[in-house]
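Here the structure comes first, spelled out in structure tokens, and everything after it is commentary.
Please treat every number below as a calculation from the coordinates, not as lab data. Values in this document were obtained by computation on a predicted structure and should not be read as measured data. Note: ideal-geometry Cβ built from the backbone for every residue, glycine included; neighbour counts use all protein chains shown.
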Amino acid sequence: MRRLAETLEDVAGQAKLYDVTSAAVRGANRRRRTRTFTASALTILVVTCVLLNVAMFLQLNNGGTGRPDLGPGRQNGEPPALVKALLDSPTRGSLAGDINLQKDVLDRIIADPDAYGLPGDRAKLRVLFAGDIPGNRRLVIVAGATGAPQLVNLTGGKGAAAKSLKLTGWSDVDTPVVRDDWRGNRGDEGFVVMFGPAGYDLSVSDSPRYLADGTIKREWKAEPAGYVARDTKAVPNGLRVRISRDTTVLYEGAVFPPGTARRGAVDVNPLHGRGKPAPRAAEYAADALAYNTGLTGPDIRYVVLWSDDFWVEDPNKVGTGMGQIATVMALTPDGGGPYLTLTTDASPEPNSRTHPNAAGVIGDPEKALLVMRLPHFTQDPLDTLQIVAPPAAVRAEFVRQGDGAVLATTPLTNGVGRIELPAPVEGTVRAFDAKGAVVAERAYTDAFTYGDFSNVEPQVRGW
Amino acid sequence: MVDEEGFREFVQARLPRLSRAAYLLAGGHAQAEDLLQAALIKAALHWAKVSAAGDPEAYIRKILYHEHVRTWRRRRFLEHTTDVLPETAGGDETDRAVLRLVLEQALAKLTPKQRAVVVLRYFEDLSEAVTAQVMGTSVGTVKSQTNHALSRLRTLAPELAELVEMEVRS
């Protein structure tokens, strides 16, 4: 399995040798001379600044140094069937009825279609969205109904005229759903706009309830306008958007909250003495959980389900040594909640690492059974499966999917134990009490999500 | 005058790595060339002091990062999650090429700081503390930016969930 660093090297391998040394030296010498020959240099500086400002203006007004892609299918051809309904849908947004604005935008594009990567034929242009959206922005999305359709984003301040809108983004139209998810440099700056083809209903759900039985309860509300436009700052916890027709879901996915700082302390002592206190990892895990889910406040309890020391063998050698590991749950008033496991290495300023498959949602922590592969700092996953069972459990076994063979068993101390089973495995883990009765069981598979909360409730793509 | 010889020697020795870092940050040849040139001009201007300090590469890395963020602030690209993801059939080399393409597309949709933190942490292999020094920010901010960036990568391209698994440090 390849690593991110290796693939980054592959990407970087496309770089040329940008031999700009001479230019750099010339630039430095020129700047040096400015200190000696102030008058002439000042003139050069003024000219340079003017030129730079012009360049910045041009760059800003053309969406930066890049431009939308041209190429086969941008100007002609029939749209793929997958996106045809989307391209044939009426304009969405609060300015869907503003014919003059849309005409002015299309006139701009037709005057210079190559600058937008769109066809110059008005009949092949589609205004998919036009509206003033939260954050005092105006957004117009125009697509080409061609063989390789592309859409462009034109944005400006609220109320901006067509000529003032700037080309700020573009992408292929290759799915039947438009999801414009922009985040600025600050974590909470940005917006999300989503819509699908005409004829589909759009509904939203937020603030899910995590119940004691481990299920998630959501209430869905229809969005009669047929689109979602939200300011990132106003995205509520657990927001999901569903685009569906009758009982068929075309798309369902999460919209991430802006990121929330944890309020309140976490009791670093693990429940029922499961493992030993690992305060650093517990604090980090609670922070990460609050940040990702937005669950924080007086009615949320952060509890440590299990924690321990954890040996880290870091191939980069910066964190090798005895680190810590902790599984922390955000226990909600409904009795359940999301959980996350996090490891810290031995660095003085510890690096933390999310766990391969120990994030999700559980119900009552007294009854829950967690099975997770321990985190790894090297190429391959570890063979070790960590089991965190109800405190009454004294033994656990792993039963293979299909033939029901018991692949491994382990004694449990305070409900905690480990099984050695190389990945990938798929089956059921059962925990037994001292009398041999099953006190908990759950299915397990080596599907690694690495703390990605979008996988707590999986994205649905019905195409 | 700049100590041209010393500066040239340093840059020539480190040019391949600097070029690759600039390309990863900028995402295109022309932009990478501009970015690297701007950074080297600044380094050359202060070369005597930079070389005397003993870690010219760290200095240039810091300039690269700040130039990258400054330049991108003018661009303000919108991000989309609707990019084409190539088919994943094929042999190892095909898979490798596909991953490269997917990662490149996903990187282009990160914010400048998110992109920078990925490059600094996972390409340059800097610790969180050193990354914080380069970015001129706190370790906590590096952590949160890294978390944001990796979440975004996974959201933009679920294929990357497996790819990043060995390197994830939230």
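Modelled spin labels at A:Asp107 and A:Lys166, positioned 7 Å past Cα toward Cβ, are 2.3 nm from each other. Between amide H atoms placed 1.01 Å from N, distances below 5 Å from A:Gln150 occur with A:Gly144, A:Val173, all of them 5 or more places distant or on a separate chain. The length gained by stretching the chain between A:Ala434 and A:Asp201 to full extension, at 0.36 nm per residue less their Cα-Cα distance, is 78.6 nm. Within the straight-line cut-off of under 23 Å between alpha carbons, the lysines reachable from A:Lys221 are A:Lys233, sequence neighbours fewer than 8 places apart in one chain being disregarded. One quarter of the surface of the convex hull around the alpha-carbon atoms of the stretch A:271-460 equals 11.4 nm², the direction-averaged projected area. Pull up the cross-link candidates among the lysines for A:Lys435, meaning alpha carbon to alpha carbon under 25 Å and not fewer than 8 places away within one chain. Within reach: A:Lys367. Phi angles of the stretch B:121-132 translate, via the Karplus equation with coefficients 6.51, -1.76, 1.60 and θ = phi - 60°, into HN-Hα couplings of 7, 10, 8, 6, 6, 8, 6, 4, 5, 5, 4, 4 Hz per residue; Gly and Pro are given as x. For the stretch B:35-49, backbone phi angles converted through the Karplus equation (6.51, -1.76, 1.60; θ = phi - 60°) give residue-by-residue couplings of 4, 5, 4, 4, 5, 5, 4, 5, 5, 4, 4, 10, 4, 4, 6 Hz, Gly and Pro being listed as x. Counting Cβ atoms of other protein chains within 10 Å of each residue's Cβ and taking the mean over peptide A:287-296 gives 2. I'd like to know which of A:Pro149, A:Leu87, A:Ala160 lies farthest towards the positive end of the charge dipole of the stretch A:81-254, counting +1 on Cβ of Lys and Arg and -1 on Cβ of Asp and Glu. Farthest along the dipole direction, towards plus: A:Ala160.
The distance from the alpha carbon centre of the stretch A:114-160 to that of the stretch A:399-442 is 55 Å, rounded to a whole number.
Please report, in debye to the nearest 20, how large the charge dipole of the stretch B:92-166 is about its Cα centre when each Lys and Arg carries +1 at its beta carbon and each Asp and Glu carries -1 there. I would put it at about 480 debye. Placing unit charges on the Cβ atoms of the charged side chains and taking the dipole of the stretch A:103-261 about its Cα centre, the candidate lying farthest along the positive direction among A:Gly199, A:Trp220, A:Val173 is A:Trp220. Remark: the stretch A:271-460 carries a charge dipole of roughly 420 debye about the Cα centre, counting +1 on each Lys and Arg Cβ and -1 on each Asp and Glu Cβ. Contact order for the stretch B:4-73, expressed relative to its length and based on alpha carbon pairs under 8 Å spaced 6+ residues apart, stands at 29 percent.
Compute the Kirkwood hydrodynamic radius of the stretch B:92-166, taking the inverse of the mean of 1/r over all pairs of distinct Cα atoms, and give it in Å to one decimal. Walk me through the intermediate numbers first.
Numbers: mean 1/r = 0.0790 Å⁻¹.
This gives a value of 12.7 Å.
Please state the charge dipole magnitude for the stretch B:4-73, taken about the Cα centre, from unit charges on C-beta atoms (+1 on K and R, -1 on D and E), reported in debye and rounded to the nearest 20. Walk me through the numbers before you get to the answer.
Details: 10 positive and 8 negative charges, 56 e Å.
For this selection, approximately 280 debye.
Residues whose amide H comes within less than 5 Å of that of A:Gly335, counting only those at least five positions distant or on another chain, are absent (H built at 1.01 Å from N in the peptide plane).
Within 10 Å of each candidate Cβ there may be at most 11 other Cβ atoms; applying that plus a DSSP loop requirement, which GluC sites (Glu not before Pro) in the stretch B:1-64 survive?
none
Measuring how big the stretch A:93-218 is from its alpha-carbon positions, Rg and Dmax come out at 17.1, 61 Å.
So what's the stretch B:4-73 giving for Cα Rg divided by 2.2 N^0.38 Å, two decimals?
1.04
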